[in-house]
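What follows is calculated from the coordinates using simple rules that are stated; it is not laboratory data. Just so you know, these numbers come straight off a predicted model, no measurement behind them. Cβ atoms come from the backbone with ideal geometry, glycine included; neighbour counts cover every protein chain shown.
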Amino acid sequence: MKADKIGCDAVSVDGFECAGHPGEDDVTNMILLPLAARRLKIPFLASGGLGDGKGLAAALALGADGINMGTRFMVTKEAPIHDSVKRRMIEATELDTALIYRSLRNTARVFKKSVAERVAEIESRPGETKFEDIQPLVQGVKGRELFDGGDLDKGI
């Protein structure tokens, strides 16, 4: 609503299905998109959980002007990501993601694997989690080891 009010040309509306950062309210696209269509005056793209023409048709039916797709493109030939990561993503099911950073109010949906499980374990400990507690597991260099080197035990 703020983007509409300050004069942005368009916005991306990300439901809880969103990879990356799904927000903190856990509102799904099935609820969020029709609300956005009623409330926004500017065009909007639906984001999160959309990966094919059926998802596009659903988003349009719910009032969006188009969609964003991100994760789906990670497994294309052109994506500069190690083939072992792409293969694992293709083999994955709808249950192979984990939510981390919830204790920091910066929730991220990531691939469920040992690193995400370690982060979740640290976040579940009594007391306040600080980013420094998990930083060694999630820092950018670890992502390069995953995506460039194909080491599935590294990065998120």
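A few remarks follow.
- Shape call, the chain: gyration tensor on alpha carbons, a/c limit 1.5: oblate
- Distance between the modelled labels on E117 and D9, one decimal in nanometres: 4.6 nm (7 Å Cα→Cβ projection).
- Packing-based ranking, highest mean first, of 119-132, 3-16 given that Cβ atoms within 10 Å are counted: 3-16, 119-132
- Extension gain from E91 to V27, taking 0.36 nm per residue of separation minus the Cα-Cα distance: 20.3 nm
- Our summary gives the chain a relative contact order of 19 percent, counting only alpha carbon pairs under 8 angstrom and 6 or more residues apart.
- Relative contact order for the range 75-147: 27 percent, from Cα pairs under 8 Å spaced at least 6 residues apart, divided by residue count.
- The lysines within cross-link reach of K142, meaning a Cα-to-Cα straight distance under 21 Å and a gap of 8 or more places when in the same chain, are K86, K112, K113, K130, K154.
- Each of M89, P136, N106 was scored by the projection of its Cα onto the charge dipole of the range 75-147, and the greatest displacement toward the positive side belongs to M89; charges sit on the C-beta of Lys, Arg, Asp and Glu.
- The range 2-49 - percent relative contact order, Cα under 8 Å, separation 6 or more: 48
- For the range 31-122: rounded, prolate or oblate by the Cα gyration tensor [a/c cutoff 1.5]: oblate
- Stretch gain in nm, segment K41-E132, where the contour uses 0.36 nm per residue and the Cα spacing is subtracted: 28.7 nm
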